[in-house]
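Have a look at the structure below before the remarks.
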Amino acid sequence: MNPLSALRSLAVPAMRPESMVPANLEAAKPKSIPFTELEKLSPGILPLPNTVQPTTGGFEKMVTDFVGEVTAKQGEAANSVNGLMSGKNVSLHQTMIAMEEASISFQLMVEVRNKLLESYQELMRMQV
Amino acid sequence: MINILTGIDSTSSALNAERIRMDVVSQNIANVNTTRGPDGKPYTRHQVVFEAVLNDQFASTSPPGSRPLEVRVPRVELDRRPARLVHQPNHPHADANGMVSLPNINMYEEMVDLMSASRAFEANLSAVKTARSMALQTLSIGKR
């Protein structure tokens, strides 16, 4: 099992704004009045629906790509170690540098995840 | 691709080049008394040639106007100095005058070359270590 897949599944739902709203708040929201009823009261006051398209896959895609790149770096390091162990033409310093890059990018990813969780928890603590 | 350790490619190529230099020097030291090679002549001293090459792959991350340069060993050349002649009439490879041609290798020269290659390798390793510790220190911005 790839340890990064857990993080990916953790990071991706948190990026969706609707999943940040807990379920009990959803129930407490006032019931929306259908557009047709409002139109009857005063025609023309409502904004056109769907004028602003929600951007899909912006930050979410970025995070997923980043996790993918960290995985790629780890794969590169593993290939390098395998090459060194099996006597291919891989030098020791290349392997060490690849491993170091993989380690640092993993630490960077952990820092990004910590920041994301921190901001999520900050939002959850907010008084409504 | 994210570039975590910037400038590491030049250092990596330099490590490779110094490694090759060290291999060639140890080959010279190993053959210091070799009087016959595959061509029937005494071993000839080898020396590496370093060459700076452009690395276009990472040109986008470097400051404008400067292209990242890497080191490589394009070829290993032969030292053209004459062979050492030693008088040893009982040697199987002695010529009609009893002289034996020994390789044109000066052991002191090779030891100095070896030390210089080793020091250059160390210097590049320090560059790698510094790049790594800089990256780790930068990551510690996020910690509290």
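The values are calculated or read from the model by the stated rules, or taken from the named source; none is laboratory data. Model, not experiment: these values are computed from the prediction. With ligands, DNA and RNA removed, areas are computed over all heavy atoms of the protein, side chains included. Shrake-Rupley method; radii C 1.70, N 1.55, O 1.52, S 1.80 Å.
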Taking a ≥ b ≥ c as the square roots of the eigenvalues of the Cα gyration tensor, with a/c under 1.5 meaning rounded and otherwise prolate when a/b exceeds b/c and oblate if not, chain B is prolate
Rounded to the nearest 10, the angle in degrees between the Cα long axis of helix B:107-139 and the longest principal axis of the Cα atoms of chain B comes to 10 degrees
Excluding ligands, DNA and RNA, the carbon-plus-sulfur percentage of the accessible area of segment A:55-128 with a 1.4 Å probe reads 61 percent
Applying the gyration tensor rule to the Cα atoms of segment A:55-128 (axes a ≥ b ≥ c; rounded if a/c under 1.5, else prolate if a/b exceeds b/c, else oblate), the class is prolate
Percent relative contact order for chain B, counting Cα pairs under 8 Å at least six residues apart, stands at 31 percent
Violations at 29 Å Cα threshold for listed pairs A:Lys88/B:Lys41; A:Lys88/B:Lys143; A:Lys115/B:Lys129; A:Lys88/A:Lys115 -> A:Lys88/B:Lys41; A:Lys88/B:Lys143; A:Lys88/A:Lys115
Buried accessible surface, B vs A, both sides, probe 1.4 Å, in Å² to 100, equals 1700 Å²
For chain B, the longest principal axis of the Cα atoms and the Cα long axis of helix B:8-30 enclose an angle in degrees, to the nearest 10, of 10 degrees
